[in-house]
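Working notes, beginning with the structure itself.
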Amino acid sequence: MQANEYDLVVIGSGPAGQKGAICAAKMRKKVAIIDRRLTMGGVCVHTGTIPSKVLREAVLYLSGLRQRSFYGRGYVVKDRIMMSDLVLRATTVMTREVDVIKSHL
C-alpha cells in the first residue's frame, strides 16, 4: 500500500465532514475523507433524517391524503401501500442524495 500525504483527513462524510472537506479543498489543501461506509453521506442520508422523511412523504402521497381537499374524500393514489413501495422510494431518494454529495466533493 502506498502512503499518501494529506493536509487534512476528515473522519465521516456526513454534513459536517462534507463542509469541512470542501472548505479545505477551496483553500487548496489536499483532503481525504474516511468513512466506515462505502458510500458517502453519513447517518443523515442512510439511516436518519432523509429516509424517515421520505417514508413519511411517500405514505402521505400514496394514500392521497394531501390531494383529498382538491379531488375529494375518496381519492387515493394506490389502494394498498406495500413496504416494497416505500423501500423503493427511499432507495431512489437516498441514491440521488449520494450522487449530489459525490458531485459536490
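The values are calculated or read from the model by the stated rules, or taken from the named source; none is laboratory data. The structure displayed is predicted, hence computed values, not measured ones. Every residue, glycine among them, receives a Cβ derived from its backbone with ideal geometry; neighbour counts consider all protein chains shown.
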Review point. Is it the case that ALA24 is part of a helix (DSSP H, G or I) and modelled with pLDDT of 90 or more?
Key: yes
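Let's see how each residue does on (1) surrounded by fewer than 15 Cβ atoms within 10 Å (Cβ to Cβ); (2) closer than 21 Å to SER103 by Cα:
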site	(1), (2)
GLN18	no, yes
LEU38	yes, yes
ARG56	yes, no
LEU60	yes, no
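Taking the condition surrounded by 15 or more Cβ atoms within 10 Å (Cβ to Cβ), in contact with a helix residue (DSSP H, G or I) (Cβ under 6 Å, 6 or more places away or on another chain) and among the aliphatic types (A, V, I, L, M), does VAL10 pass?
Working: surrounded by 15 or more Cβ atoms within 10 Å (Cβ to Cβ): yes; in contact with a helix residue (DSSP H, G or I) (Cβ under 6 Å, 6 or more places away or on another chain): yes; among the aliphatic types (A, V, I, L, M): yes.
Against the criterion (surrounded by 15 or more Cβ atoms within 10 Å (Cβ to Cβ), in contact with a helix residue (DSSP H, G or I) (Cβ under 6 Å, 6 or more places away or on another chain) and among the aliphatic types (A, V, I, L, M)), VAL10 qualifies.
Tell me, which helices (runs of 4 or more DSSP H) lie completely within the stretch 33-94 with 1 or more residues that are in contact with a helix residue (DSSP H, G or I) (Cβ under 9 Å, 6 or more places away or on another chain), more than 30 Å from ASP7 (Cα to Cα) and at pLDDT 85 or above? Step through it out loud before you land on a result.
Numbers: elements: 42-46, 49-63, 68-71.
Filter on the stretch 33-94 gives 49-63.
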Point to revise | Hey, VAL93 out of contact with any Gly (no Cβ under 7 Å at 6 or more places or on another chain), in contact (Cβ under 8 Å) with a residue 24 or more places away in the chain and either of a type in the set (Gly, Ala, Ser) or surrounded by 15 or more Cβ atoms within 10 Å (Cβ to Cβ) (or both) or not | key: yes
Review point. Looking at (1) surrounded by 12 or more Cβ atoms within 10 Å (Cβ to Cβ); (2) out of contact with any Asp or Glu (no Cβ under 6 Å at 6 or more places or on another chain); (3) free of Cβ contacts under 8 Å to residues at least 24 places away in the same chain, can you tell me which one ARG80 breaks?
Key: (1)
